[in-house]
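What follows is a short report on a single structure.
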Amino acid sequence: MAEKGNRSEDDSEKCSKGERAPGRNLRKKVKSAQLKTQQPSSLPFESGGKIETSVEMVNDAVVIALDGGRSFRLRVGTKADIPELLDLTLSALEAGPDELYNYNFPFRHAFTEDHRYYWQIRLQALLYIPSSLFLVAEHELEKAPGKKRWEIIAWAMWTLNSASGRTEDTPLGPLGDTWGKWLGRGWMTLYQRVWGGDVLSEKRMDIHRERYKAFMSTADYIHDSFWAENYPENIQLSGLNVAHKFQRQGYGTALVRWGVETFAGRGIPIGVESTRGVKRFYNNCGFEDVHKVVLRTGEEDVHVGLYVYLLKTGES
């Protein structure tokens, strides 16, 4: 059943490898989704109920208290988090299942070492993107001698896209470059030159190269025809993963909500690009799908719909 903001596949832009689809009626569609500040009480929980939160700063972390006496802390991710983030991300993607993940990595079960290695490189690179803020969510474990105190339960990344070089401050750090990120990027460049880490390396066996190239071409098309044309400055939720055992408990919603409440009111559209499988989740978080591109590769019957979700107007 068609819902508000969703376009039928016949009306959707289609993009195949090396081919840019023509834009159609984007401005009219987008104008219906202009940014408006989201009020804290208006974000539903995934199950359809409400989720109550309170937020406070403790040292260098944000502590978010949920209903039922639950809480977690939100802090900036570091290189030391990578092993835990890797296990969390891969288990969450497998549990999804995410159709784009299946589309790009159909050989991952046969080449598990390749898959883990390149995702490790990918996650590490995300820490050092100049205009992004990579955040990890942790909950406190029962205190016991010799055991770690905190467990990572989710991560989220927010990215500011601005041709003017604009930056935005948050309680946890800037959406902008830092010396730490600059040094990290230099280290990553050296590492990849010496040990290899190109996402499309000929040594890599877990990935479908033609599909991944088509995906990257489609991502470029969405950037050029939608974001650059309509919203040259925007803030995007560019990554979100919740550990499988903590899914559908409000943690993902709370992470999205923190970003919405942090960035709303700054005059910058807030959006996310994803697939139809998470449509209900983002709709419940106050977003609506305003643009769709169908990802295809050559003559293959396999295709994936990529959606742009924008924070809805009229939320209260």
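Here is how the numbers come out for the structure above:
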quantity	calculated
Sequence-distant residues sharing a close amide H with I153 (under 5 Å, placed H)	A137, E138, H139
Theoretical FRET efficiency, 1/(1+(r/R0)^6), r = Cβ-Cβ of R193 and A80, R0 35 Å, to 0.05	0.90
HN-Hα J in Hz across segment 284-289 - Karplus 6.51, -1.76, 1.60, θ = phi - 60°, x for Gly and Pro	5, 8, x, 9, 10, 7
Full-extension gain in nm, E113 to W150, via 0.36 nm per residue minus C-alpha separation	10.6 nm
Charge tally in the Cβ shell below 11 Å around H115, where Lys, Arg are +1 and Asp, Glu are -1, H115 excluded	0
Filtered GluC sites (Glu not before Pro), segment 129-187: DSSP coil and at most 12 other beta carbons within 10 Å	E142
Ranked order, T297, T178 - accessible area, probe 1.4 Å, largest first	T178, T297
Mean Cβ count within 10 Å, highest first, over the residues of peptides 279-290, 63-74, 114-125	279-290, 114-125, 63-74
Most to least accessible of K181, K148 (protein chains only, probe 1.4 Å)	K148, K181
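The values are calculated or read from the model by the stated rules, or taken from the named source; none is laboratory data. Small disclaimer: the values here were computed from a predicted structure and weren't measured. Cβ atoms come from the backbone with ideal geometry, glycine included; neighbour counts cover every protein chain shown. With ligands, DNA and RNA removed, areas are computed over all heavy atoms of the protein, side chains included. Shrake-Rupley method; radii C 1.70, N 1.55, O 1.52, S 1.80 Å.
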